[in-house]
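Chemist: First the structure, then my questions, so here it is.
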Amino acid sequence: MAVTMWARPDMGSDVSIEDEDRFRQVYEGSFERLLAYALRRVEQPADAADVVAETFLIAWRRGRQIPDGDEATLWLYGIARRVLANHHRGGVRRERLGERLRQRLREAGPADPAQVVSDQLTVRGLLNRLAEPDREVLMLSFWEGLEPREAAVVLGVSSTVARARLSRARGRFRELVDSSNSIMAVREEK
């Protein structure tokens, strides 16, 4: 009898068809119960599906640790319980982050959407007139909030080169802004 083998992360060796069959039996015997367990403990059905999928992924990785018989389902409940705890902690973290973001938006105050759009179009138009390296270093610095040393990592250059590029790019951008303001002033005089 030929045995199909493939690697499983936790085992460092190959998995036999027997191991796969055993896992399949545990899966088929426990899936419905674990799904019902998860559905009763989360708000969204999709979250329950994620919990069950993560539970079986962990079980697959720990293949040879799966107990025999009915103990396998109890063991999976224990894993699912820990997965749910992680899920709920993640939800709390997401809620806290969302609240911080909402607070920042409230503090920023309402802006005139027409002016914001006009300003964004102007800035984008000026940026598009720059060479790509200048545009990228400016966007990394100002839009992404990266320090020159951080931008250097993204760009794959030394910190010194990134600082020099940023300085030159700022100067070129200022020239474009000044030029643009001069043109606007001439138009307003007419």
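Chemist: Which numbered condition trips up Met139, out of (1) without any contact (Cβ under 8 Å) to a residue 40 or more places away in the chain; (2) of a type outside the set (S, T, N, Q); (3) more than 30 Å from Val177 (Cα to Cα); (4) part of a helix (DSSP H, G or I)?
Modeler: Result: Met139 fails condition (3) only.
Chemist: Please find, within segment 42-73, the residue that is farthest from Val92 (Cα to Cα) out of those that are of a type in the set (Lys, Arg) and exposed (fewer than 15 other Cβ atoms within 10 Å of the Cβ).
Modeler: Filtering segment 42-73 for residues that are of a type in the set (Lys, Arg) and exposed (fewer than 15 other Cβ atoms within 10 Å of the Cβ), the one farthest from Val92 (Cα to Cα) comes out as Arg64.
The rows are residues; the columns are (1) in a helix (DSSP H, G or I); (2) closer than 30 Å to Gln44 by Cβ; (3) open to solvent by less than 90 Å² (accessible area, probe 1.4 Å); (4) among the β-branched types (Val, Ile, Thr).
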{"position": "Val83", "(1), (2), (3), (4)": "yes, yes, yes, yes"}
{"position": "Gly90", "(1), (2), (3), (4)": "yes, yes, yes, no"}
{"position": "Arg96", "(1), (2), (3), (4)": "yes, yes, no, no"}
{"position": "Arg100", "(1), (2), (3), (4)": "yes, yes, no, no"}
{"position": "Leu105", "(1), (2), (3), (4)": "yes, yes, no, no"}
{"position": "Val117", "(1), (2), (3), (4)": "yes, no, yes, yes"}
{"position": "Leu121", "(1), (2), (3), (4)": "yes, no, no, no"}
{"position": "Asp134", "(1), (2), (3), (4)": "yes, no, yes, no"}
{"position": "Leu166", "(1), (2), (3), (4)": "yes, no, yes, no"}
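Chemist: Can you find, within segment 37-63, the residue that is nearest to Phe23 (Cα to Cα) among those that are of a type in the set (D, E, K, R) and within 21 Å of the chain's Cα centre (by Cα)?
Modeler: Glu54
The values are calculated or read from the model by the stated rules, or taken from the named source; none is laboratory data. It should be emphasised that the depicted structure is a prediction, and the values quoted were computed from it without experimental measurement. No Cβ is skipped: glycine too gets one built from the backbone with ideal geometry, and neighbour counts run over all protein chains shown. Only protein heavy atoms, including side chains, enter the accessible area calculation; ligands, DNA and RNA are left aside. Shrake-Rupley method; radii C 1.70, N 1.55, O 1.52, S 1.80 Å.
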